[in-house]
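One structure is given below, encoded as structure tokens.
What follows draws every value from the coordinates through simple rules; no lab data is involved. Since the model is a prediction, treat every value here as computed from it, not as a measurement. With ideal geometry, Cβ positions are generated from the backbone for all residues, glycine too; neighbour counts draw on all protein chains shown.
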Amino acid sequence: MTTHETSTAPLGLRERKKQKTRERVRREAYRLFTEHGYEATTVDQIADAAEISSSTFFRYFPTKEDVVIQDEYDPALAEAVRARPTGEPIVDAILGSLKGSLGAMLQQDRESLLLRTRLTLNDPALRARNVAEQERSERAMAEVIAERTGREATDLEVRCAAAALIAVFTTLVRHWVEGDGKEDLAALYERHLPLLSRGLDF
């Protein structure tokens, strides 16, 4: 998971227009990827379908890869966890968040998340980018854990906890995609994230 900026504050007209343009670009890109394949789809084709110039495309996404790689899940998760009760264990806070807006977000994004994950698993360039993004997600998770515990994000135990959480997220999403998204993703998190709380008992 990677990120753009998100905020709970109401967006101004200019920001709302930018957000709608970003969503339109991504929607058209996914449609073209589905119809023609990722490699065969060009930035010019995406820009044309979204009714913008190629130069405008690059204002929103630095590369074609970023259309697939960028998402809002990290800041959405961080925001949801920050709203949970102080002192609640991090796994419980995440599971509680999945019962609210974050879970609704995953359900709403079901088709695009399936497509994006398949592309990431199958395309070498995207797979390489995703490794770097996973490391960034670990750092973001470490920041959240540090805030809740009063420890430093660079604390090795905090970093290990963050890495374990992101690894479980990644494994569950991959499993979900391999099953064509037939299972409930939030339910998968609810069943398997507690493994981290219990410790490895096998």
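Taking a ≥ b ≥ c as the square roots of the Cα gyration tensor eigenvalues, with a/c under 1.5 meaning rounded and otherwise prolate when a/b beats b/c, else oblate, which class fits the stretch 12-120? Prolate is the answer for the stretch 12-120, as a/c is 1.5 or above and a/b outweighs b/c.
The calculated 222 nm mean residue ellipticity attributable to helices in the chain amounts to -22500 deg cm²/dmol, summing -39500 (n - 2.57) over DSSP H runs of n ≥ 4 and dividing by all residues. Reducing the stretch 95-109 and the stretch 124-197 to their Cα centroids gives an inter-centroid distance of 15 Å. For V43 and A164, a Förster radius of 30 Å and the Cβ-Cβ distance give a FRET efficiency of 0.20, rounded to the nearest 0.05.
Estimated at 0.36 nm per residue, the fully extended path between T86 and T154 surpasses their Cα-Cα distance by 22.4 nm.
When a/c is below 1.5 the answer is rounded, else prolate if a/b is larger than b/c, else oblate, so apply that to the chain with a ≥ b ≥ c taken from the square roots of the Cα gyration tensor eigenvalues.
prolate
Taking Lys and Arg as +1 and Asp and Glu as -1, the other residues whose beta-carbon sits under 12 Å from that of L95 total 0. Rounded to the nearest 20 debye, the dipole size of the chain about its Cα centre is 440 debye, using +1 on the Cβ of Lys and Arg and -1 on the Cβ of Asp and Glu.
Note on the stretch 37-89: Kirkwood hydrodynamic radius from all Cα pairs is 13.6 Å, rounded to one decimal.
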